[in-house]
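Report on the following structure.
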Number of protein chains: 2
Amino acid sequence: MNATRDLFPLVGVDVALFCVDDGRLQVLLVKRAEEPAAKQWALPGGILKPHLDNSLEAAARRVLAHKVSVELPLVEEVCTFSGPDRDPRGWSISVLFYALLPRDKVNALVRNKVEALEWVGASAPGHRLAFDHAQHLTTSVQKLRAKVDAGKLPLHLLPEKFTLTQLQRTIEAILGRELDKSSFRRQLKSSSDVVELDEYERGAQRPAQLFRASDGFTF
Amino acid sequence: MNATRDLFPLVGVDVALFCVDDGRLQVLLVKRAEEPAAKQWALPGGILKPHLDNSLEAAARRVLAHKVSVELPLVEEVCTFSGPDRDPRGWSISVLFYALLPRDKVNALVRNKVEALEWVGASAPGHRLAFDHAQHLTTSVQKLRAKVDAGKLPLHLLPEKFTLTQLQRTIEAILGRELDKSSFRRQLKSSSDVVELDEYERGAQRPAQLFRASDGFTF
DNA sequence: AGAATAGTGTCTGTCAGACAGTATCGC
DNA sequence: GCGATACTGTCTGACAGACACTATTCT
C-alpha cells in the first residue's frame, strides 16, 4: 500500500454543503464511521473512483448523493489541499468543493443509520473537525462570501420562487452583516439576474411579490 | 499501466507563467519534447512526484525551476481539470496554477536545448495548444483579471521599486483597457498596499517617484 | 385601530471618470 | 523655448447608506 503511495497519491474529494436556515449559514457535518479518523466529525468526503466518476465534481456529487436525496443545483470547486502528512495513509490530495442546498430542501437528508449527520453554524461548528477540515471550512466560507460580496446572488440557496426579503436575509447570513433594504431593492430592480413574477406570497401580513432567477442566471 | 489507471488517476500540474512586457500580458509556452503531444505547444507542466514534492504548489515550482532560473514570487492555484478523456494515458487530473514573473526578470529563462520556449500574447497565443490547455489559459487569465478587477495590485509583475505609471501600464495590460491617471493615483495614495520612497527614477523626462510594496502586502 | 411586514421617496456624502492645468526634466 | 512625461486640481454625474414615509395585510 505505502509502496504505491510513493508513486500515486491518494485522491479524495470533500464537500462543504451549505444551507441557510433560521437566518444562519449552516454546513453539514458527518460523524465518520470508518478509519481513518473514525468517530470524529468531518466534512462529507470520499475517495475518487475513476471507474465511477467522470470528473472530480462528479465524485463530489456521488459522495453527497449518499446523504442528500436531491440533485444539488450548484457544486463548485474551492481549491486543493495536498501533502505527505495531511492523511495518515500517506501522500494525499483533497479537492475541496462547496455545494448549495435550497432552503426548501433542507429536510432532504437521507437518514443513514451508520453515520450521524448534523447541521452546524458555518462560522462556529461546535465540533473539532478531523484532518485539516477546519481549514477546509473556513476557506469554503471565504470563497462563498467573496462571491456574494462581488455581487453574485446566491439564488441556489432559495426555493425556485422567493421574495426579496428572503433573498436579503440569505445574503445577510452569508456576509454576517445587515443590509439596507432600500439600497438592496434598488440594486435588484436594475439587475438582470432576477425577474419579477405576477405572484405574491400571502403570509401573516402584507403579501410579498415573488421573484425567480432569470433564464441566463449563473452563480 | 492502464490497470493502475483504473485505480489511481494520473496527477499532474500545469502552470501559466505570466509577465508584462512591452505593455502586453504574455504567457510562457513550451514545445513539448516527449509524448504525449510531442512537438505541440503547451503550458509548462509535469507529473506530480510525491517523493520530490511536498505539495502540489511545490510540484508546480519544481516544474518551472527547469525553465526559469529565479524563484517565483507568486504561484497560485487556479482550479483543477479532470476526467477519463483529457489525456491519452487515461483518467487524469491536472491542477492548474498561474505564476507571476517580475518585469526585470523576463530574461531569466534557462535555455534548455531540448525544448523551445516562447513568450506569446496571453489573449492570442498564436499556436494551437495541446490537451485542454487553451481552456487552461483562458481560465488563468480570467482569474488573474478578476483579482486585479477586485482591486488587488499585481506588484509581483514589477521590480521591487517601480513608478506609478509602470504599475498603471501593467494593470492596463491585464485588464485590456486604459485607466484614468488621476483616479488611479488618487486610489493608490489612500492604499496601504504601496509606500512611497524618497527615490526618483531619472529617465528622458521629468523624474518619477518610486514606490515599493508595503510590508504586509499580499496579492 | 394597531401591529407587522412590504415597498417607496428623498437627502446627502462619497467617489470614479473626465479633463484641464501645472511641474520638472532633457534637448 | 519645446516636447515629453509626471503629477495635481476641479467639476460632475452616479450611486450607496441612512432613514423617513406610504401601502397592504391580519387580528
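Things worth noting here:
- Cα centroid of region A:22-85 to Cα centroid of region B:1-67, whole Å: 27 Å
- Surface composition of the protein assembly as shown: carbon plus sulfur atoms contribute 46% of the solvent-accessible area (1.4 Å probe, protein chains only, all chains present).
- Kirkwood analysis of the Cα pair distances in region B:155-213 returns a hydrodynamic radius of 12.0 Å.
- Bridging of B:K39 to lysines at a Cα separation below 30 Å is possible for B:K31, B:K49, B:K67, B:K105, B:K113, B:K143, once same-chain residues fewer than 8 apart are set aside.
- Ascending distances from the A:E35 label point to its copies in the other chains, with the point 7 Å along the Cα-to-beta-carbon line: 4.2 nm.
- Around B:E178: net Lys/Arg minus Asp/Glu count, Cβ-Cβ under 13 Å: +1
- A:D104 versus A:L52: modelled label distance in nm, points set 7 Å from Cα along the beta carbon direction: 3.1 nm
- Selection from B:V13, B:L48, B:V110 lying farthest towards where the dipole of region B:2-149 points positive, charges on Cβ: B:V110
- Nearest residue to the symmetry axis between A and B, taken on chain A by its Cβ, in whole Å: A:F8, 2
- Highest mobility in the GNM of chain A, judged by mean-square fluctuation with C-alpha springs under 10 Å and restricted to A:R185, A:R32, A:R206, is found for A:R206.
- Within a Gaussian network of chain A (alpha carbon springs, distance under 10 Å), most fluctuating of A:K31, A:K189, A:K67: A:K189
- With one equal scatterer per alpha carbon and no solvent term, the Debye-computed log10 I(q)/I(0) for the protein assembly as shown at 0.07, 0.14 1/Å reads -0.42, -1.37.
- For chain A, with +1 on Lys and Arg beta carbons and -1 on Asp and Glu, the positive-most of A:S82, A:H66, A:T218 along the dipole: A:H66
- Using only side-chain charges placed at the Cβ, +1 for Lys and Arg and -1 for Asp and Glu, the dipole size of the protein assembly as shown relative to its Cα centre rounds to 300 debye.
- Probe 1.4 Å, protein heavy atoms only - accessible area per residue of chain B in square angstrom: 51 Å²
- Chain B - charge dipole about Cα centre, Lys and Arg +1 at Cβ, Asp and Glu -1, debye rounded to 20: 400 debye
- When +1 charges are put on Lys and Arg Cβ atoms and -1 charges on Asp and Glu Cβ atoms, the dipole computed for region B:103-219 relative to its Cα centre reaches about 180 debye.
- Relative to the other identical copies, A:R185 shows label-point distances of 4.4 nm, where the label point lies 7 Å from Cα along the Cβ direction and values run shortest first.
- A:S69 accessible area, 1.4 Å probe, all protein chains in place, Å² to nearest 10: 80 Å²
- Each chain gives up part of its surface: A and B jointly bury about 1800 Å² of accessible area, both sides summed, for a 1.4 Å probe.
- Separation of region A:141-162 from region B:124-197 is 27 Å, based on Cα centroids.
The values are calculated or read from the model by the stated rules, or taken from the named source; none is laboratory data. Predicted, not measured: the structure shown is a model, and the values here were computed from it. Note: ideal-geometry Cβ built from the backbone for every residue, glycine included; neighbour counts use all protein chains shown. Remember, those area values only see protein heavy atoms, side chains included, never the ligands or the DNA or RNA. Shrake-Rupley method; radii C 1.70, N 1.55, O 1.52, S 1.80 Å.
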